[in-house]
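Below: one structure, written as structure tokens.
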Amino acid sequence: MIALPTIASGALAAPGAGTRIAANTTTYQDSVGEDAAAPDITTIVASNDDAGTLTFKINVPNRPQLTQDTVLIMDIDSDGNPATGDPQNFGADYIMQLILGETLLFKWDGTDYQISASQSSLAFSWTGGPTVRINAADLNNTRKLSFDALVVSGVLFDQTTGAIDCSQCKRDFAPAVGLYSYQVKIAKPSLVAKSLKPTPAKPMAGKPFTLRLVAARSDTGAVVQNGRARCVGRVGSAKLAATVQRVQGGAAVCTWNLPANVKGKTFRGSVSVVFEGLRASKSFAGTIR
């Protein structure tokens, strides 16, 4: 881990600091104008989606683009408990660094910070300040965390030794005192019926008729590949049992053999799929040709 000199922070802020503007989004205000020559953090917007991806948008309007002399460091207390983690760093369990255009995550091992084995989701972009994304799974499945952000400019790196010269550094630390607190909120996932395809397009007397239901998880968008299919069919008011009832090829498949003498009647069918306690269904109705 690369450490920069003269980095200070204060005591933990009270939980809930910040202004909540929407579900799963909190905006934190920072003091501005401390040093006209330094990066000036104005706000940090923390948010998460239902897949557990955390986003930290750190707004630094006077640094519209990332330059090689700019560094971002974030302390992350992934359990929101200052009594655990690094005792010299307000209980931080992780440190994230953006240096020379590369992000790295370090994890506290009880004695020091080591490169975290789990950081595949870590990514960043920079437009008017850095935006950092990481999944909660790479932060010990955090649901409540505390964090800060430090943006430093004027950092010089020796191309031969890698040594850091921070004699001309300018910095802004948010918050000026304490850590921000953030609650990760993830809605319970559901199955969403994406499509229902009939084959043939219209039911025909004396022929098989198939409905294919494609469903996906609301949190990840992943199409259901396994589970249990349930098929309900009627011709007029009479029940018709399905001859095929299974999940295959990314769809719940139901097939009925329509009798030859039902032309002109209405076929009504519904297809349901159940996976990991979640359920999606969709119905069809059409005149038999």
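The values are calculated or read from the model by the stated rules, or taken from the named source; none is laboratory data. Predicted, not measured: the structure shown is a model, and the values here were computed from it. In this analysis, Cβ positions are derived from the backbone assuming ideal geometry, glycine residues included, and neighbour counts consider all displayed protein chains. Each accessible area value is taken on the protein alone, full model and side chains, heavy atoms only, with ligands, DNA and RNA left out. Shrake-Rupley method; radii C 1.70, N 1.55, O 1.52, S 1.80 Å.
Among residues belonging to the range 236-276 that are free of Cβ contacts under 8 Å to residues at least 24 places away in the same chain and among the basic types (Lys, Arg), point out the one that is farthest from residue 189 (Cα to Cα).
239
Is there any pair linking a residue in the range 28-39 that is under 11 Å from residue 173 (Cβ atoms) and open to solvent by less than 60 Å² (accessible area, probe 1.4 Å) to one that is modelled with pLDDT under 95 and not charged (D, E, K, R), with Cβ under 7 Å and at least six apart or on different chains, and which?
Final answer for the pair search is 31/176.
May I ask you to list the residues in the range 160-177 that are modelled with pLDDT of 95 or more, assigned to a loop (DSSP other than H, G, I, E, B) and within 23 Å of residue 85 (Cβ to Cβ)?
175
Those residues that are open to solvent by 70 Å² or more (accessible area, probe 1.4 Å) and under 16 Å from residue 84 (Cβ atoms), I need them from the range 103-117; list them, please.
107, 109, 111, 112
Being over 19 Å from residue 213 (Cβ atoms) and out of contact with any Pro (no Cβ under 7 Å at 6 or more places or on another chain), is that true of even one residue in the range 239-253?
Yes; the residues of the range 239-253 include at least one that is over 19 Å from residue 213 (Cβ atoms) and out of contact with any Pro (no Cβ under 7 Å at 6 or more places or on another chain).
For the range 119-159, name all the residues that are open to solvent by less than 50 Å² (accessible area, probe 1.4 Å) and either of a type in the set (D, E, K, R) or not in a strand (DSSP E or B) (or both).
119, 121, 122, 128, 129, 136, 138, 139, 142, 148, 154, 155
Given the range 68-115, what strands (runs of 3 or more DSSP E) lie entirely inside it while holding 2 or more residues that are within 19 Å of residue 55 (Cα to Cα)?
By residue number, 71-77, 94-99, 102-108.
Kindly indicate whether any position in the range 147-165 is within 28 Å of the chain's Cα centre (by Cα) and either within 30 Å of residue 265 (Cα to Cα) or of a type in the set (S, T, N, Q) (or both).
Within the range 147-165, not a single residue is within 28 Å of the chain's Cα centre (by Cα) and either within 30 Å of residue 265 (Cα to Cα) or of a type in the set (S, T, N, Q) (or both).
How many residues are over 28 Å from the mean Cα position of the chain (by Cα) and open to solvent by 60 Å² or more (accessible area, probe 1.4 Å) when one looks only at the range 268-281?
1
Evaluate the range 22-31: report whether one residue or more is modelled with pLDDT of 95 or more, over 15 Å from residue 146 (Cβ atoms), touching a Phe, Trp or Tyr at 6+ places or on another chain (Cβ under 8 Å) and outside any strand (DSSP E or B).
The answer is no; no qualifying residue exists.
Please work out if residue 187 is within 34 Å of the chain's Cα centre (by Cα), over 11 Å from residue 273 (Cβ atoms) and not β-branched (Val, Ile, Thr).
Spelling it out, residue 187 is indeed within 34 Å of the chain's Cα centre (by Cα), over 11 Å from residue 273 (Cβ atoms) and not β-branched (Val, Ile, Thr).
State which residue is farthest from residue 57 (Cα to Cα) when the search covers only the range 85-96 and only residues that are in contact with an Asp or Glu (Cβ under 7 Å, 6 or more places away or on another chain) and open to solvent by 20 Å² or more (accessible area, probe 1.4 Å).
Among them, the one singled out is 85.
How many residues, within the range 45-67, are in contact with a strand residue (DSSP E or B) (Cβ under 8 Å, 6 or more places away or on another chain), in a loop (DSSP other than H, G, I, E, B) and at pLDDT 95 or above?
The total comes to 5.
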